[in-house]
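Step one of this worksheet: look at the structure below.
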Amino acid sequence: SRARPETQASKMPAKKKIAIMTSGGDSPGMNGVVRACVRMAIHLGCDAYCIYEGYEGLVRGGDLIRKMAWYDVRGWLSEGGTLIGTARCMAFYERPGRLAAAKNLIINGIDALIICGGDGSLTGADRFRAEWPSLLEELVSQGEFKADEIEPFRHLNIVGLVGSIDNDLSGTDATIGCYSALARICHAIDLIEATASSHSRAFVVEVMGRHCGWLALMAGVATGADFIFIPEKPSEDNWREEMCSIVEHHRKIGKRKTIVVIAEGALDREGNKITPTMVKDLLADKDGLGLDTRITTLGHVQRGGTAVAYDRMLATLQGVEAVRAVLEATPDTKTCVIAINENKIVRKPLMEAVLDTKKVAKAIERQAFEEAMALRDTEFSEQYKSFKMTTAVQVDKEVMLPENERMKIGFINVGAPAGGMNAAVRAGVAYCLSRGHEPIAIYNGFAGFARHHQDKPLGAVRPFNWLEVDGWASKGGSEIGTNRELPSESGMEEIANLIKQYHFDALFLVGGFEAFHAVSQLRKAREQYPSLCIPMTLLPATISNNVPGTEYSLGSDTCLNELVEYCDKIKQSASATRRRVFVIETQGGRSGYVAMLGGLGVGASAVYTPEEGVSLDMLAADVRHLKSVFGQDQGQSRAGRLILINERASKVYNAKLIADILRDEAHGRFESREGIPGHMQQGGVPSPMDRCRAVRLAIRCIQHLEQFGPKAHSKVQADPMSATVIGIKGASVVFTPVNKVEEEETDWPNRRPKAAFWLGMKEIVDILGGRPKYEHPQPDL
Ligand code: ATP
């Protein structure tokens, strides 16, 4: 038989025949789901089937239901759309259609079904399962099967996965495909901005979303659009006046471009449709703004292309979870859907999620807009507020604080640049301005701060200019400059004096491990320098994602996208003629996060991390495995294979050496090359996820600092929350006191968190990549 990983059949209950299908509108990542489900099912000793063309295939049966082999899903992670097809199926709405579907499942011996689709598809699935016993009875009474033949099929297990670009399902923060669609939209808007600016034009960009404004909202947040229209939240009074006054204000302060994002399903307060043409006519009205205005309808471009790294991760982890859920289900288990909350994959009752989703559409129909907003997840309304706050800045006087509560807040970037740093600073500044605080830029980190007033200024300390900052939403790098130097290196006394001299009431830091170390130093130096007794908080930003106190740093998503794109291209370069193994060296310092998640996103054959290390035995095992894979090649192994190695995984084995060893050992069976994407991994334009999270988390940071109020020195000394790191931990966003993070969560020598939440993903990468299990030998005592 073909080489594939050993199964764990003995550990599992009964062997199951699990079918996977995609249904409803296609979305990027669906292929990743199918790959993960097929391979996980086979790995666990089950048979895997694909049902082609959605419910249509289930109803029609025949060769639309196919057994899948390990290699049938090879390379699917990097393919867009759904390779097993999807269709709208009228027959499945009717009982005879579902009866035919039940018959086809039994004929094929299938006793579990995983469905990836939108709320319609999941509703159909739930109905099917509810009806299942009666469908079986009917099949028996019609004489299709004998009673004992249907006995093994008494319980049909169904698990749902949400594949949709709209991100419209309640109960999950992200649907598989939504971040890919958002990436396409933001890319398009980024391109439009240049031409809009050149001609001083206005653009009305229409994006998908009939009942859900997530794409429009997040695109607005990520690009810093001037105005958005979403179905859930029409303007309070007159949208025409509101939009025009905001656009006019922006033009007055000197903006040369106007971007309005409108969801397909945009409505006014009375429930009437707002169309792009209506918006355009208003912006172009000669008696009003008189802007040269164009409409761009993005259409199906939004669905296209391969999945971004996040969607590949989601598709893979959720696919694996779906197979586990199917196997663990008992006859009493409620049908579940696999969701994600912040950073945690969870199972939820399917029908509740679907019903909540339907409630949103109904609330919009009834024009109960407050209710519609409340039914969306918390991130949605938080981001809506963020959007309002960061665009309508200085217009809305309602949120201004009384004078004696306003603070002077220093902004500083520390460490290497990471995607989203500028978006974070922009959002923080916007929030400060709208509250009446005074945000001050400290240029070029602590080094710039300490030396800015000397003869050769390295940095500067000055107020932000909003017009300039407003353009930073989508900019990569660090506009206020960043530097790795720690306060102790710059001179702690100097820093303390400067903080006093500038009367800073608080410090907002954005940066990586150095930034964390900096806060730690400042906190410890408070006893000696009372001027350091001001609240300070860190928003982690580093592509390495190695800041303790959080599972996510700004920039890490951008980095993974770059890495995955790079690997896709490299892999393809080999597909025409060569059998090749590429050994790709990733960044990440002593944290293997980037390597591991990159490996998950591209389907690596092996990932080497500093956490695990690299040994001669491990290499030998991988060489043997690759030899056997290529040895049995019948054409399927044409495309390149990838090994990802973190830059610090081993003192001895680097990408080049491993590539050399592989080549030498392969004896002509395959070729081997190294690839080092290097600083490309910092990314050009930051990903929408990094930009959106930057906005949300930065605002939370300033809100946190704000609680202390100005001149809070006496309060600060005793309060551990006065020096914090904001982070996403599991299913929540939390501030953790730096002293706690220092003591409990930091592996100082290795400059990374003690616990790597992602380590469990290694097993999944290895299983799905077909890598045999490698047992580390016990050390000799
Ligand atoms: P999208 O979010 O992209 O629209 P969806 O899954 O909601 O995806 P639908 O067209 O609503 O897309 O549903 C897909 C298919 O699921 C339908 O063509 C139909 O076969 C089946 N389906 C939907 N609703 C039901 C239902 N109430 N009963 C039975 N089957 C249904």
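Using the Cα atoms of the stretch 55-144, I'd like the radius of gyration and the largest Cα-Cα distance, Dmax, both in angstrom.
Every Cα atom of the stretch 55-144 included, Rg and Dmax give 14.2, 46 Å.
Show log10 I(q)/I(0) for the stretch 284-323 at q = 0.20, 0.27 Å⁻¹, two decimals, from a solvent-free Debye sum over equal Cα scatterers.
-0.74, -0.89
Residue farthest toward the positive end of the dipole of the chain, with Cβ of Lys/Arg at +1 and Asp/Glu at -1: which of Leu616, Ala69, Cys50?
Of the options given, the answer is Leu616.
Would you kindly give the portion of the calculated P(r) for the stretch 197-296 that falls above 21 Å, as a percent of all Cα pairs?
Value for the stretch 197-296: 25 percent of Cα pairs lie more than 21 Å apart.
On a 0 to 90 degree scale, rounded to 10, what angle separates helix 616-631 from the longest Cα axis of the chain?
50
Of Leu136, Ser591, Gly124, which is farthest towards the positive pole of the chain's charge dipole, taken about the Cα centre with +1 and -1 on the beta-carbons of Lys, Arg and Asp, Glu respectively?
Sorting the options by dipole projection puts first Ser591.
How far apart, in nanometres, would the label points at Lys711 and Ala194 be if each is projected 7 angstrom from Cα along the Cα-to-Cβ direction?
Taking the simple label geometry, Lys711 and Ala194 are separated by 5.1 nm.
With axes computed from alpha carbons, what is the tilt in degrees of helix 178-199 against the longest principal axis of the chain, rounded to the nearest 10 within 0 to 90?
Orientation of helix 178-199: about 40 degrees from the principal axis.
If you scale each eigenvalue of the Cα gyration tensor by 5 and take the root, what three semi-axes come out for the stretch 705-781, rounded to whole angstrom and sorted largest first?
Values: eigenvalues 324, 58, 10 Å².
Ellipsoid half-lengths, sorted descending, are 40, 17, 7 Å.
Under a crude label model (7 Å from the Cα following the beta-carbon direction), how far is Lys362 from Lys740 in nanometres?
4.1
Sorted from largest down, give the three principal axis spans of the alpha carbons of the stretch 144-201, whole angstrom values.
75, 25, 12
With Cβ to Cβ distances under 11 Å as the rule, what net charge do the other residues near Pro96 carry (K, R +1; D, E -1)? Intermediate values should be presented prior to the final figure.
Values: positive: Arg95, Arg98, Lys103; negative: Glu94, Glu138.
Around Pro96, the surrounding residues sum to +1.
For Leu759 and Glu775 in the same chain, what is the full-extension length gain: residue separation times 0.36 nm, less their Cα-Cα distance, in nm?
4.2 nm
For a distance above 26 Å, tell me the whole-number percent of Cα pairs in the stretch 136-254 that qualify.
Numbers: 3196 of 7021 pairs.
For the stretch 136-254, the share of Cα pairs beyond 26 Å comes to 46 percent.
Shape call for the stretch 86-191 from the C-alpha gyration tensor, a ≥ b ≥ c root eigenvalues: rounded (a/c under 1.5), prolate (a/b greater than b/c) or oblate?
Judged from the Cα gyration tensor, the stretch 86-191 comes out prolate (a/c at least 1.5, a/b above b/c).
Report the extension gain between Glu149 and Arg127 in nm, rounded to one decimal, defined as 0.36 nm multiplied by the number of residues separating them, less their alpha carbon distance.
5.6 nm
Restricting to DSSP H runs of at least four residues, report the calculated mean residue ellipticity at 222 nm for the chain, -39500 (n - 2.57) per run over all residues, nearest 500 deg cm²/dmol.
Result for the chain: -12500 deg cm²/dmol, rounded to the nearest 500.
Between His249 and Leu355, what is 0.36 nm times their sequence separation minus the Cα-Cα distance? Round to one decimal in nm.
34.0 nm
Given the pairs Lys388/Lys500; Lys651/Lys729; Lys715/Lys740; Lys15/Lys103, which span a C-alpha to C-alpha distance of over 23 angstrom in this model?
Distance filter (> 23 Å) returns Lys388/Lys500; Lys651/Lys729.
May I have the extent of the alpha carbons of the stretch 394-493 along their three principal axes, as whole Å values ordered from largest to smallest?
Computed over the Cα atoms, the extents are 43, 32, 21 Å.
To the nearest 10 degrees, how steep is helix 214-223 against the longest Cα principal axis of the chain, on a 0 to 90 scale?
Around 40 degrees separate the two axes.
Let's see if you can work this out: charge +1 on each Lys and Arg Cβ, -1 on each Asp and Glu Cβ, no other charges. What is the dipole magnitude of the chain about its Cα centre, in debye to the nearest 20?
Numbers: 93 positive and 97 negative charges, 267 e Å.
The dipole magnitude comes to about 1280 debye.
Above 15 Å lies some portion of the pair distances; for the stretch 354-413, what is it as a whole percent of all C-alpha pairs?
Of all Cα-Cα pairs in the stretch 354-413, 67 percent lie more than 15 Å apart.
Counting just the Cα atoms, what span does the stretch 284-422 cover along each of its three principal axes? Round to the nearest Å and put the largest first.
64, 46, 38
For the chain, how big is Rg over Rh, using alpha carbon atoms and the Kirkwood form of Rh?
On the way: Rg = 27.6 Å, Rh = 27.8 Å.
With Rg and the Kirkwood Rh in hand, the quotient comes to 0.99.
Residues with beta-carbon under 13 Å from that of Glu151, excluding Glu151: net charge, scoring Lys, Arg +1 and Asp, Glu -1?
Counting the neighbours of Glu151, the net charge comes to -2.
How large is the dipole of the stretch 50-180 about the Cα centre if only Lys and Arg carry +1 and Asp and Glu carry -1, each at its Cβ, rounded to the nearest 20 debye?
200
Rounded, prolate or oblate for the stretch 397-449? Axes are the square roots of the Cα gyration tensor eigenvalues, ordered a ≥ b ≥ c, and the cut-off for rounded is a/c under 1.5.
Numbers: a/c = 4.65, a/b = 1.84, b/c = 2.53.
It comes out oblate by the Cα gyration axes.
Using +1 at the Cβ of each Lys and Arg and -1 at the Cβ of each Asp and Glu in the chain, identify which of Tyr502, Ala147, Gly271 lies farthest towards the dipole's positive end.
It is Ala147.
Compute, for the stretch 169-285, the length of the dipole vector about the Cα centre, with Cβ point charges of +1 (Lys, Arg) and -1 (Asp, Glu) only. Units Debye, rounded to 20.
Working: 13 positive and 16 negative charges, 82 e Å.
In debye, rounded to 20, the stretch 169-285 gives about 400.
log10 I(q)/I(0), Debye, Cα-only the stretch 537-609, no solvent, q = 0.13, 0.22, 0.23, 0.27 Å⁻¹?
Listed by q, the Debye log ratios stand at -0.41, -0.94, -1.00, -1.25.
Read the figures in this text as sums done on the coordinates, not as results from a lab. Small disclaimer: the values here were computed from a predicted structure and weren't measured. Every residue, glycine as well, gets a Cβ built from its backbone with ideal geometry; the counts of neighbours run over all protein chains shown.
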